[in-house]
Amino acid sequence: MYILFPPLLALGCGALLTLWKHPKPRNTFTLLLCLATSCLLALCCFQMEGRAVTLLTITPLFSISFRIDAVNRVFLLLIAFLWPLACLYAFEYMEAEPHPRRFFMLYLLAYGCTQLLAMSANLFTLYLFYETLTLVTLPLVTHHEDSDSLQAGMTYLKYTMGGAALGLIGLIVLACNGGSGSFLPGGVVGNSTSMENTDLLRTAFVLSFIGFGAKAALYPLSRWLPRASVAPTPVTALLHAVAVVNAGAFACIRLVYDCFGVSLLRGSWAQIIVVLLSAFTIFFGAVYAVRERHLKRRLAWSTVYNLSYMLFSAAMMTQAGLKGALTHLLFHGMIKIMLFDCAGIFQQKAQAEYVPELRGIFHAMPWTVVLYTIAGVALTGIPPFVGFLSKWNILTAAMENAAWYTWIGACAVILSSVLACVYLLEPAIQMIFLPGQNPRWKDPSWRMLMPLGLLAVSIVLLGIWPDPVWQLLSSATALF
């Protein structure tokens with residue numbers, strides 16, 4: 001039961017935020033709770049790997065069970081690192097926003113739900129908390145309660161709940177064909193002597209991959225993510241660049257390696273479909289990112305195709321592909337939260353939402369512009385930043401696979417990296433080299449800049465010395 005203590009702490013104590021009306025004690029409590037939860041979660045990741053707990057057995061095939069293993073440990077450590085930083089950033093940001101008490105309560109509830117989703121020991125539990133996370137984050141998307149926010153929330157709800165319904169098909173088909181949905185290396189076929197109903201299983205896999213991929217903005221279920229950028233930036237940055245969207249990518253990784261199994265899927269028409277769909281989403285998202293002039297929506301389209309990097313790499317169904325997917329899940333989360341946070345600073349402090357409005361802003365907000373530029377360069381894949389490492393792993397996996405459809409995906413990755421230089425570095429060039437604007441603008445306080453500075457240092461250091469990450473990933477991919 002100890003592995004459940006961190007998520008239950010976030011869920012239980014998060015509800016206590018309603019007791020504090022004054023911002024100072026509320027913010028202090030929120031930050032201390034986030035730090036305590038993250039420290040306990042990191043401790044569980046390293047001390048309790050392999051431990052499992054079952055809360056409720058509904059039928060012999062369906063139970064609510066949790067386990068920490070080498071794969072979900074990557075996701076858990078990422079959210080443990082980013083959530084306290086996101087909270088510290090949000091304190092200053094939410095001073096100008098309505099309903100901060102409700103916001104932080106939901107923020108902590110989302111932290112607990114994300115942990116429970118990542119710790120899921122079977123597909124039924126993952127599906128349950130996949131849906132719960134949607135319901136908890138919906139009020140955050142509609143936080144402003146205006147027409148744009150409500151429409152974005154309805155779009156988010158329809159796409160993700162509809163996608164989850166497709167995911168349910170996979171759970172039912174697995175249960176009817178000898179699989180419990182438990183996450184085991186090799187999946188249902190790798191742990192069964194029967195190879196019957198392969199076409200049915202492959203069809204269920206494709207539908208489930210697309211369904212769970214809705215949260216990862218897989219085409220054609222990707223348009224909800226740019227629309228959700230109307231939410232406050234702390235929501236956009238953390239939930240729609242890290243937690244919610246990575247939950248979709250993480251679910252697809254589990255489907256491939258731990259539910260259906262690579263022995264059933266590799267080389268089949270099902271693999272070809274998901275690889276080509278991921279490759280198209282990469283190209284589609286990169287083109288729309290270049291076309292978009294609103295900075296937050298541009299970054300949202302960037303998230304669309306970067307998530308498909310993970311899906312494409314996982315769909316290669318090799319050990320190298322799994323390593324590439326987990327590497328990009330880790331590094332993209334760190335980079336993208338920086339970019340969204342910088343965009344939020346420009347929007348709130350300088351009322352600059354569109355790229356042309358950022359011209360010359362470096363002269364008034366130098367620290368924020370420098371941090372944006374570091375993150376932008378990292379995401380393009382320029383060495384020695386971490387973005388280069390994850391893209392290198394993905395392309396290496398594609399070259400090793402050597403199938404025609406993985407070559408198409410590799411070309412999409414290369415082309416999107418070129419386009420990333422356009423849509424990410426264009427704002428930086430305009431901010432630094434074009435004439436300055438309103439001198440009354442200035443950088444925010446340390447509460448916003450310190451989290452971004454820590455992320456920038458992490459991006460540079462891990463790019464130069466990635467050994468701790470490789471050790472973490474080597475254990476995650478050892479069984480495949």
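Each value in this text was obtained by applying a stated rule to the coordinates, not by laboratory testing. Owing to the predicted nature of the structure, the values given are computational and were not obtained by experimental measurement. As a convention, Cβ positions derive from the backbone with ideal geometry for all residues, glycine included, and neighbour counts pool all protein chains shown.
Here are the numbers:
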| read-out | value |
| --- | --- |
| The stretch 285-480, relative contact order in percent, only Cα pairs under 8 angstrom and at least six apart counted | 30 percent |
| Cross-link reach list, lysines versus Lys24, counting only Cα pairs under 24 Å and skipping chain neighbours closer than eight places | Lys349, Lys442 |
| Folded to 0 to 90 degrees: helix 386-401 orientation relative to the chain principal axis, Cα | 30 degrees |
| Fewest-first sequence of Val370, Val141, Val53 by Cβ atoms within 10 Å of each Cβ | Val53, Val370, Val141 |
| Farthest positive-ward along the chain dipole, Cα basis, beta-carbon charges - from Leu77, Leu322, Leu225 | Leu225 |
| Stretch gain in nm, segment Ala42-Glu400, where the contour uses 0.36 nm per residue and the Cα spacing is subtracted | 125.5 nm |
| Aspartates and glutamates with Cα under 15 Å of Lys158, excluding same-chain neighbours fewer than 8 positions away | Glu131 |
| For the chain, size of Cβ-based charge dipole, Lys and Arg +1, Asp and Glu -1, in debye | 520 debye |
| Computed over the stretch 236-316, the ratio Rg/Rh where both radii use C-alpha atoms and Rh is Kirkwood | 1.04 |
| Projected area, mean over directions - the chain, Cα convex hull, nm² | 20.3 nm² |
| Farthest toward positive dipole pole in the stretch 285-480 [+1 Lys/Arg, -1 Asp/Glu at C-beta], among Phe362, Ser474, Ala456 | Phe362 |
| Set of aspartates and glutamates near Lys323 by C-alpha distance (under 16 Å), chain-local residues within fewer than 8 positions excluded | Asp69, Asp258, Glu400, Asp467 |
| With eigenvalues of the C-alpha gyration tensor scaled by 5 and rooted, the stretch 384-480, Å | 35, 22, 9 |
| Net +/- balance of residues flanking Leu4 in space, Cβ distance below 14 Å, scoring K and R +1, D and E -1 | +2 |
| Nearest-ten-degree value, helix 123-141 long axis tilted from longest Cα axis of the chain | 20 degrees |
| Largest-first principal axis extents, alpha carbons of the stretch 293-383, Å | 48, 23, 17 |
| 0 to 90° range, to nearest 10: angle between helix 467-477 axis and the chain longest Cα axis | 30 degrees |
| Spherically averaged projected area of the stretch 285-480 from its Cα convex hull (nm²) | 10.6 nm² |
| Charge dipole (debye, nearest 20) of the stretch 285-480; +1 at Cβ of Lys and Arg, -1 at Cβ of Asp and Glu | 440 debye |
| Extension reserve of the Lys442-Leu461 stretch, reckoned as 0.36 nm per residue once the Cα distance is removed | 4.0 nm |
| Calculated FRET efficiency for the pair Arg51/Gln151, C-beta based, R₀ 60 Å, to 0.05 | 0.85 |
